[in-house]
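The values are calculated or read from the model by the stated rules, or taken from the named source; none is laboratory data. Note that the structure is a prediction, hence the values are computed from the model and not measured. As a convention, Cβ positions derive from the backbone with ideal geometry for all residues, glycine included, and neighbour counts pool all protein chains shown. The protein model used for the area step is the full one, side chains on, heavy atoms only, and it has no ligands, DNA or RNA in it. Shrake-Rupley method; radii C 1.70, N 1.55, O 1.52, S 1.80 Å.
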Amino acid sequence: MRQKLLSAGANELSYEIREIVKKAKILQKEGVEIFWENIGDPIQKNAQIPLWIKEIVNDLTQDDKTYGYCDSKGELTTRVFLADRTNRLGGVQITPEDILFFNGLGDAIATLYHYLTPTTRVIGPSPAYSTHSSAEAAHANHHPLTYRLDPENHWYPDMEDLRNKVKYNPNIVAILIINPDNPTGMVYPRDILEEIVDLAREFDLFLISDEIYNQVTYNGVRAYGLSEIIGDVPGIAMKGISKELPWPGSRCGWIECYNREADLEFNRLCKVLDDAKMIEVCSTTLPQMAIPKILGDPRYDEYRAELNEKIGWRSRFISETLQEIPELTFNPTYGAFYNTIVFKEGTLKSDQSLPVKDNEVRELVESWVEGAPLDFRFVYYLLGATGICVVPLSSFASDLRGFRITLLEEDEELLKQTFTTLRDSIRSYLDS
Ligand SMILES: Cc1ncc(COP(=O)(O)O)c(C=O)c1O
C-alpha cells in the first residue's frame, strides 16, 4: 500500500474470550470433548426462553412495522417506557430524548470511545472487560488505562489507586464502572459508588456505568444503577437485553445520558452520539418493540428472580468446590455470571503440566505453552487434559494470573462434574 493503513491503536484490539475458541476447536477436531466455560452467552449454555416471551416475539413478527426502520434514537414508545423505569428509581430524572438505542452495547461502546479526542482517556477497571478496554485503547493509540480491582478485598476498587491516577493524569475525562462486573462478578457497594461520584465531581469528569448485568444479582445483593447515585454529575448508563432476557442475538442495547445539560462538552458528546446513529439510520427495530411488552409483563420479574436463584446456587456450589484450594484467591460472586479466580503469587511455575493422554493433543498443547504467560500455560493444559475451556486472566488487561469461568451451565450434574474436575486438575497441576 502507498500509505500505512492502520493506526497504532489497531494493535490494541483483542478478545481472548473468543480467541481461546480457536484453540478449543483445534482440539475438538482431535476428538477432545469441549466444555465451554469461556463465553457469557446463556443461550449457548442451553438457557430456555419461556414460551410467553417467544409468543410476544412471534406476535411482533406479524406486525409489518417491525420490519421497517425506527426513529434514529430508537422506538419512541420503548424510550418512554425505559425513561419511566429509570425515573421510578427516584434518582436523576430523564426524558425519552436522553435515551439512544444501539445494535447491542458492543456498538454503543465502540461508538462512544471513537468520538472522544485521542488525547482524552477513560479509566476503567482491571481486570478489564476487553470490549471496553480494547475500544478505549484503540481510540487513544495506547494501552488500556486502568484502576485496580483488589482480589484481596472482594474485588472492590482500590480507591487510592483510582484517586491517584485521576489526580495525576489530566487526560482522564471519565471513569468507567461495570456494575455488576465482568469478569469478576463483583457488585459495587453503594458507598464506593458514592465515592466514585464524588471523585468525578471533584475532578470535573463524567461517569460511564455499564449496567448490562444490572438485573443479574443473587444471594442477597442488588446492584445500584448510576441514576440512583449520580446526583448532579454528568454520566452515561449503558443497558441492554443481551444478558438479562437473555437475548444476545437481538443486538439491542441503549445508553441513558444523565445531566447532559450540566456541562457543555458532555452535552456535545451526547449530541454527537445521537448524530452518529442518525448517519447510520437506526438500530434493530423488532427487539426494541419487544422490550416494553416483555420487561413490562407481570411475569417478567418472577422469571428473572428464578434465573437469579439458579445462578446464585451455581455461585455457591462453585465457591464451596474451589474455595478449599489454598493457592487460590477466591471471591464468591454476587452479580453477573462469571467468577475470576487468581493463583496466588509464586504458585504458578513454568514446568507445571497436566497429563494429556492423546499424543497429538499433547504435542499441540506443548507447542502453545512455549513462552506463554503462566496462566495461559495452565489454561492450555486444562483444555488439553480435560476439555474445560476457560479464559486466562492476563488477557483481561491484568498483571494477575488466573482464569475466568462462567456460572451458566444449565445441567446441574454437568456443572458439578465440570467444577469438581476443575478443582482436581488445579490440585494436580500445582503439585506436578
Ligand atoms: C460488561 C459487558 N458490556 C457489554 C457487553 C456486550 O453486550 P451486547 O451483547 O449488548 O453487545 C458484554 C457482553 O459480554 C459485557 O459483558
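A 1.4 Å probe run over region 27-170, with the rest of the protein chains in place, finds 49 Å² accessible per residue. Sort out the exposed loop chymotrypsin sites (Phe, Trp or Tyr not before Pro) in the chain (DSSP loop, at most 15 other Cβ within 10 Å) and tell me the longest stretch that has none. Counting only loop sites that pass the neighbour cut-off, the longest clear stretch is 116-432. For GluC sites (Glu not before Pro), the sites in region 21-75 that DSSP calls loop and that have at most 15 other Cβ atoms within 10 Å are Glu30, Glu33. Across region 33-40, rounded Karplus estimates of 3J(HN,Hα) from the backbone phi angles (6.51 cos²θ - 1.76 cosθ + 1.60, θ = phi - 60°) give 7, 9, 10, 6, 10, 9, 10, x Hz, Gly and Pro being marked x. Dividing the C-alpha radius of gyration of region 244-315 by 2.2 N^0.38 Å, with N its residue count, gives 1.52.
What do you get for the angle between helix 159-168 and the principal long axis of the chain? Use alpha-carbon atoms, 0 to 90 degrees, nearest ten. It is inclined by approximately 60 degrees.
Normalised by 2.2 N^0.38 Å, where N counts its residues, the alpha-carbon radius of gyration of the chain equals 0.99. Assign one of three labels to region 84-203, namely rounded, prolate or oblate, based on the Cα gyration tensor with a ≥ b ≥ c the square roots of its eigenvalues; rounded applies when a/c is under 1.5, prolate when it is not and a/b is larger than b/c, and oblate otherwise. Verdict is rounded for region 84-203.
For trypsin sites (Lys or Arg not before Pro), the sites in region 38-110 that DSSP calls loop and that have at most 16 other Cβ atoms within 10 Å are Arg88.
The Rg/Rh ratio of region 293-355, with Rg taken over Cα atoms and Rh as the Kirkwood radius over Cα pairs, comes to 1.21. Summing Cβ point charges (Lys, Arg +1; Asp, Glu -1) relative to the Cα centre of region 150-293 gives a dipole of roughly 660 debye. Of the solvent-accessible surface of the chain, computed with a 1.4 Å probe over protein heavy atoms with every protein chain present, carbon and sulfur atoms account for 49 percent. Model label points for Asp424 and Glu160, set 7 angstrom from Cα along the Cα-to-Cβ axis, are 4.4 nm apart. Working from Cα pairs under 8 Å separated by at least six residues, relative contact order for region 345-394 is 37 percent. Give the shape of region 123-184 as rounded, prolate or oblate, defined through the alpha-carbon gyration tensor: a ≥ b ≥ c are the square roots of its eigenvalues, a/c under 1.5 means rounded, and otherwise the shape is prolate if a/b is larger than b/c and oblate if not. Taking the square roots of the gyration eigenvalues as a ≥ b ≥ c, region 123-184 is oblate.
When only Cα pairs below 8 angstrom with a gap of at least 6 residues are kept, region 140-251 shows a relative contact order of 22 percent. Here the chain is assigned +1 on the Cβ of each Lys and Arg and -1 on the Cβ of each Asp and Glu. Its dipole about the Cα centre then comes out at about 680 debye.
Gain on full extension, evaluated as 0.36 nm per residue between Lys25 and Arg190 minus their Cα-Cα distance, stands at 55.2 nm. Positive-end ranking of Val369, Phe330, Phe419 along the dipole of region 292-421, with charges on Cβ about the Cα centre, is headed by Phe330. Once C-alpha pairs closer than 8 Å and six or more residues apart are averaged by separation and normalised to the residue number of region 339-432, the relative contact order reads 36 percent. What the Cα atoms of region 278-432 give is an Rg and a Dmax of 19.6, 58 Å.
Please determine, in degrees from 0 to 90 and to the nearest 10, the orientation of helix 130-140 with respect to the longest principal axis defined by the Cα atoms of the chain, where the helix direction is its Cα long axis. Roughly 70 degrees between the two axes. Taking the longest Cα principal axis of the chain as reference, the axis of helix 264-280 is set at about 80 degrees. Probing with 1.4 Å while keeping every protein chain in the model, the per residue accessible area of region 285-391 equals 42 Å².
Each of Thr386, Ala223, Thr340 was placed along the dipole of the chain (beta-carbon charges, centred on the mean Cα), and the one lying farthest toward the positive end is Thr386. Computed over region 324-367, the Cα gyration tensor eigenvalues convert (square root of 5λ each) into semi-axes of 29, 16, 9 Å, ordered from largest to smallest. The loop-placed trypsin sites (Lys or Arg not before Pro) in region 129-217, going by DSSP, include none that has at most 13 neighbouring Cβ atoms within 10 Å of its Cβ. Along the axis of the charge dipole computed for region 9-102 (Cβ charges of +1 for Lys and Arg, -1 for Asp and Glu, origin at the Cα centre), the listed residues Ile53, Cys70, Ala24 are led at the positive end by Ala24. A Förster radius of 41 Å, combined with the Cβ-Cβ distance separating Lys416 from His142, puts the computed FRET efficiency at roughly 0.40. Only the Cβ atoms of Lys and Arg (+1) and of Asp and Glu (-1) were treated as charged; on that basis the dipole of region 1-145 about its Cα centre amounts to roughly 520 debye.
Rounded to the nearest Hz, the phi-derived 3J(HN,Hα) couplings of region 382-390 under the Karplus curve 6.51 cos²θ - 1.76 cosθ + 1.60 (θ = phi - 60°) are 4, 4, x, 7, 10, x, 7, 10, 10, where x marks glycine and proline.
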